[in-house]
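Asks: Can you keep this structure in mind? I'll have questions shortly.
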Amino acid sequence: MNKLQRTICTMVYSLFIMNSLLWMPSSHAREIITPLPIYIDYDRQKAHIGKVLFSDPILSKDGSVSCHSCHDLQSGGGDTRKVSIGIKGSKGHIQSPTVLNSRYNFKQFWNGRAETLFAQANSPIHDPEEMGMNVSEVEQRINTSAKYKTLFSSLHQGHISFNLIIECIVEFEKALVTPNSRFDRYLRGELTLTLPEYAGFQAFKELGCITCHNGINIGGNSFQKIGVIIPYHFSTNYPDLYSVTKKEYHKNVFKVPTLRNIALSAPYFHDGSALTLEDAIKAMGKHNLGHILRQKKIAEIKAFLESLTGETPAIIMD
């Protein structure tokens, strides 16, 4: 990249930063990175029922998939495949994002089409390519299950409604918080980062990564375009913000993914095209920052990102 190209990239990126604030909710616009709380509030009784439901294929038409099938809690809470597989072997159209710390996202799904965790948990159950069920089918299966009659008996007497079933899954998802990462402990003054971690954090700020990845979830609080400097491949197969609004400038615009536990959740991006963390850092440097990052810088940023891995949620260990 020559001097003129670098100047143009800098000007474009400056405009991008200004524009990003317009797409970011006002409550998050000036927010920096903040640590996750060590203790969180949720309905434990509902959450423990939700934990069972989350991993039970009873909620899918042919009994072949569960929520856990696409959100592997032992692999960063997302899918290790480029796209998820639903009932009858149906392939999805986008890489499943992590469910860990999803209570802190301002919207759910890559294109933000769900405003709440309830809407997010509800959607895959009805999707004909994911779980393919309807309300009456779900209620019939749960209400005729001896296991679930027993589980729900201490919570609710009588007919188990679809809404109550989803509420339990939501409470489980709300419990999937991963506190006490090395970086959180650094923010609280409990430890010192290693030299590579600290250098990576400085580069993360200086290069402008923190413009989009900030707040308590280090992302998840705004929509941004992938390919703002160097264009990124666009396909109508990917459910971006354009698929919701049909506005041309929303093509390749997605909810910024959280970077928490990012070292555990390969592959990366909406299309799963980055197979390693190094690939993802290099690609973002090119497409959204206009930089061809050197290997030393990539290694430093990777060290910082690895410091964002938190503890396994207590409810999983319970």
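Asks: What's the total number of residues in region 81-98 that are over 19 Å from the mean Cα position of the chain (by Cα) and not in a loop (DSSP other than H, G, I, E, B)?
Replies: 4
Asks: Still on this model: May I ask you to say which residue of 248, 300 is among the acidic types (Asp, Glu), over 14 Å from residue 213 (Cα atoms) and touching a Pro at 6+ places or on another chain (Cβ under 8 Å)? Break it down stepwise before answering.
Replies: On the way: 248 fails: touching a Pro at 6+ places or on another chain (Cβ under 8 Å).
From the options 248, 300, the qualifying one is 300.
Asks: Just for region 71-94: of the residues that are touching a strand residue (DSSP E or B) at 6+ places or on another chain (Cβ under 8 Å) and of a type outside the set (Gly, Ala, Ser), which one is farthest from residue 225 (Cα to Cα)?
Replies: Result: 85.
Asks: Of everything in region 283-318 that's of a type in the set (D, E, K, R) and in a helix (DSSP H, G or I), which residue is farthest from the chain's Cα centre (by Cα)? Let's see the steps before the verdict.
Replies: The initial filter retains those residues of region 283-318 that are of a type in the set (D, E, K, R), namely 286, 294, 296-297, 300, 302, 306, 311, 318.
Among the residues that remain, those that are also in a helix (DSSP H, G or I) are: 286, 296-297, 300, 302, 306.
Working: 286: 22, 296: 27, 297: 25, 300: 23, 302: 18, 306: 16 Å.
Going through the qualifying residues, I end up with 296.
Asks: Pairs please, first residue from region 48-70 and under 17 Å from residue 99 (Cβ atoms), second anywhere and assigned to a loop (DSSP other than H, G, I, E, B) and among the charged types (D, E, K, R), Cβ atoms under 6 Å, 6+ apart in sequence or on different chains.
Replies: Taking only residues 6 or more apart or on different chains, the pairs are 66/56; 70/79.
Asks: What pairs can you find where one residue is in region 229-243 and free of Cβ contacts under 8 Å to residues at least 24 places away in the same chain, the other is among the polar types (S, T, N, Q), and their Cβ atoms are less than 7 Å apart, with a gap of 6+ or different chains?
Replies: Cβ pairs passing all conditions: 234/252.
Asks: When the residues of region 253-284 are narrowed to those that are buried (at least 23 other Cβ atoms within 10 Å of the Cβ) and of a type in the set (D, E, K, R), which ends up farthest from residue 227 (Cα to Cα)?
Replies: This residue is 260.
Asks: Give the residue, chosen from 188, 141, that is under 25 Å from the mean Cα position of the chain (by Cα) and among the basic types (Lys, Arg).
Replies: 188
Asks: Can you pull out the residues in region 30-58 that are surrounded by 17 or more Cβ atoms within 10 Å (Cβ to Cβ), aromatic (Phe, Trp, Tyr) and either on the phi > 0 side of the Ramachandran plot or part of a loop (DSSP other than H, G, I, E, B) (or both)?
Replies: 42
Asks: Given the structure, is residue 136 surrounded by 15 or more Cβ atoms within 10 Å (Cβ to Cβ), in a helix (DSSP H, G or I) and either without any contact (Cβ under 8 Å) to a residue 12 or more places away in the chain or among the hydroxyl-bearing types (Ser, Thr, Tyr) (or both)?
Replies: Numbers: surrounded by 15 or more Cβ atoms within 10 Å (Cβ to Cβ): no; in a helix (DSSP H, G or I): yes; either without any contact (Cβ under 8 Å) to a residue 12 or more places away in the chain or among the hydroxyl-bearing types (Ser, Thr, Tyr) (or both): yes.
Taking the combined requirement at face value, the residue does not satisfy it.
Asks: Quick test for you: out of 117, 100, 176, 155, pick the one residue that is in contact with a strand residue (DSSP E or B) (Cβ under 9 Å, 6 or more places away or on another chain), touching a residue at least 24 places away in the same chain (Cβ under 8 Å) and not aromatic (Phe, Trp, Tyr).
Replies: Values: 100 fails: in contact with a strand residue (DSSP E or B) (Cβ under 9 Å, 6 or more places away or on another chain); 176 fails: in contact with a strand residue (DSSP E or B) (Cβ under 9 Å, 6 or more places away or on another chain); 155 fails: in contact with a strand residue (DSSP E or B) (Cβ under 9 Å, 6 or more places away or on another chain).
Just one listed residue meets the conditions, 117.
Asks: Something else about it: If I ask for residues that are more than 12 Å from residue 165 (Cα to Cα) and in a helix (DSSP H, G or I), which ones from region 59-80 would you list? Lay out the reasoning, then the answer.
Replies: Within region 59-80, the subset more than 12 Å from residue 165 (Cα to Cα) is 60-80.
67, 68, 69, 70, listed by residue number.
Asks: When the residues of region 251-275 are filtered to those that are part of a loop (DSSP other than H, G, I, E, B) and farther than 14 Å from residue 95 by Cβ, which remaining residue is farthest from the chain's Cα centre (by Cα)? Spell out the reasoning first.
Replies: Going through region 251-275, the residues part of a loop (DSSP other than H, G, I, E, B) turn out to be 251-252, 256-261, 265-267, 269-273, 275.
Narrowing the set further to residues that are farther than 14 Å from residue 95 by Cβ leaves 251-252, 256, 259-261.
On the way: 251: 19, 252: 17, 256: 8, 259: 8, 260: 9, 261: 10 Å.
Restricting to residues being part of a loop (DSSP other than H, G, I, E, B) and farther than 14 Å from residue 95 by Cβ, the top hit is 251.
Yes/no matrix, rows are residues, columns are (1) among the β-branched types (Val, Ile, Thr); (2) closer than 25 Å to residue 275 by Cβ; (3) touching a residue at least 40 places away in the same chain (Cβ under 8 Å); (4) not assigned by TED's automatic domain parsing to the domain that holds residue 170:
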site: 80; (1), (2), (3), (4): yes, yes, yes, no
site: 86; (1), (2), (3), (4): no, yes, yes, no
site: 106; (1), (2), (3), (4): no, no, yes, no
site: 113; (1), (2), (3), (4): no, no, yes, no
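The values are calculated or read from the model by the stated rules, or taken from the named source; none is laboratory data. What you see is a predicted model, and the numbers here were worked out from it, not measured in a lab. Cβ coordinates were reconstructed from backbone atoms using ideal geometry, including for glycine residues, and neighbour counts include every protein chain displayed.
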